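In what follows, a single structure is set out as structure tokens and then discussed.
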DNA sequence: TCAAAATTATCGATAAATGATAAAAATAGA
DNA sequence: TCTATTTTTATCATTTATCGATAATTTTGA
């Protein structure tokens, strides 16, 4: 049926936030695969640490993902720059804020690093590691704006199957983001919250990303907005420079 | 050569903290596998997000691991309890401290959640997601102490290939930990640092873990130690209760 | 623009995956 | 503790995928 790594991916995909535990019988039903085969695949996944068995013949995700998350944090240029520059950015915002570094992933936009100011009580949807729709929100739009217009259009048509009306409206919006250097939306993702985002890109690395600030709408006024825009522009620049520099150094080392 | 998921694991394993980028040629040399085959496997890994390609025909780990780390944080009973109980534990320690929740993983001990008090400047080896040796340090020994003596002995002989002298000494130490309920070591892992750990277990879930406090040796005195022991005992209890309760509830829901 | 390098496609021989069934092990209940 | 039930592993013939050499194509860098 499925082949290659898809056999394993199908299994792992079942274990999402809503269904964290599965029995072999349940997987067999969900995947239309004999439990004979599943037992073999599951054993392999358990052996490498991607799954682990628990009581009552249930399985859940295994600790390997924590180990590999560390490897990403230590090595990925975008995630590393988040660890360095997000906290200073957060500290420049004079109101309670969540700052987010997000990137294109699988036709969606996913936060790969974040920072929350101590006073920020509100919940935000762009949580670390959570894929989000690409058509809504300043964070996502700023990511889209990093693609060349034609590439973005083809991407939206093929991967997102957006309607031509949506694409036309969005195209104008993206042009504005490219011109002004930032994107701002209010209540598009979370009610009562405002997102302000700046594009982050590295064509050499093929990185399409954005850095953004999320605050409560009631905190926002003209002065605050100017401070946020200035801080964002600086952070985006720093992150781009950091990625360029570190990867150039690494490439040099590897030679 | 390799079969099943091992084909993919061999590739991913190359991307550790020290060698975050690989070329196909490099992988071909390291794994003794034709680049024809590797290109196919790599493409599959890229498609699911476990790898991604970057400039100059290099590959690095992909963002899937961030997505699955989130799933673990949301669902794994041990990691979740860390998110809840580690901060209060840290706040009970009157000196700069790092608190660590660690578990058995692949014959080693790995931190799966941690918390650092604002004043703690020192570096600790038990970083989130980093496998550590099982024979040294209070954190590891407390984990070992959660296994029944005979199981621990067989485990040490087979998986760790420890010498019989090591096992004998360790056996006494583990007996003491089981009796007193905690483990303390000084400088065994990081020079100048002291680790104090309490066992955490859940036989139903097959969880062997520990919760520990790491402080500078110079911070430690009798009074501080008593406070730490008391806080640790409470935290360990809370974590065990939480895991028992949440998994019982989930099992009930699933029926 | 062009040469070199990287990546993908092709394909026959080989090796592995599948799933039905049986055997074994683990678990829960009396 | 013993037993019945469920879960997990092992076996095996058939089907299917994988391997790697080679060729074709695409991308990259000068």
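In the assembly of identical copies, residue A:168 has its label point, taken 7 Å from Cα in the direction of the beta carbon, separated from the corresponding points by 8.6 nm (ascending, one decimal). In chain B, helical runs assigned H by DSSP with n ≥ 4 each contribute -39500 (n - 2.57); averaged across all residues and rounded to the nearest 500, the mean residue ellipticity at 222 nm is -15500 deg cm²/dmol. With a 10 Å cut-off around each Cβ of A:51-62, the average count of Cβ atoms from other chains is 5. Label points for residue A:37 are taken 7 Å from Cα along Cα→Cβ. From this copy to the others they lie 2.3 nm apart, shortest first. Scanning chain A for the Cβ atom closest to the axis that brings A onto B yields residue and whole-Å distance A:69, 2.
Which whole-number percent of Cα pairs in the stretch A:108-255 have a distance greater than 24 Å?
On the way: 3717 of 10878 pairs.
Summing the P(r) tail past 24 Å for the stretch A:108-255 gives 34 percent.
Taking the inverse of the average 1/r across all pairs of different Cα atoms in chain B, what Kirkwood radius in Å do you get? Value: 20.1 Å, from the Cα pair sum.
Across the identical copies, the label point of residue A:119 (7 Å from Cα in the Cβ direction) is separated from its matches by 2.5 nm, in order from shortest.
If neighbour count is taken as other Cβ atoms inside 10 Å, put B:98, A:143 in order from fewest to most.
Values: B:98 24, A:143 31.
Taking fewest neighbouring Cβ atoms as first place, the list is B:98, A:143.
Between residue B:154 and residue A:246, the distance separating the two model label sites (each 7 Å from Cα on the Cα→Cβ line) works out to 4.5 nm.
If the segment from residue B:166 to residue B:179 were pulled out straight at 0.36 nm per residue, it would be longer than the present Cα-Cα gap by 2.7 nm. For the stretch B:173-241 versus the stretch B:1-71, the spacing of their alpha-carbon centroids is 38 Å. Taking every residue in B:73-80 and counting other chain Cβ atoms within 10 Å of its Cβ, the average works out to 5. Look at A:173, A:44 and count the other Cβ atoms within 10 Å of each Cβ; fewest to most, that gives A:173, A:44. With a 10 Å cut-off around each Cβ of A:7-17, the average count of Cβ atoms from other chains is 3.
Note that the protein assembly as shown shows a convex hull volume over its alpha carbon atoms of 178 Å³ per residue.
For a footprinting-style exposure proxy, rank B:146, B:33, B:139 by other Cβ within 10 Å, fewest first. Numbers along the way, then the final one.
Details: B:146 22, B:33 17, B:139 32.
With the sparsest Cβ surroundings first, the list reads B:33, B:146, B:139.
Mean separation of Cα pairs under 8 Å and 6 or more residues apart, divided by the residue count, gives chain A a relative contact order of 16 percent.
Rule-based calculations on the coordinates, nothing more; no lab input. From a predicted model like this one, the values you see are computed outputs, not experimental measurements. Positions of Cβ are generated from backbone atoms using ideal geometry, with glycine treated the same way; all protein chains shown enter the neighbour counts.
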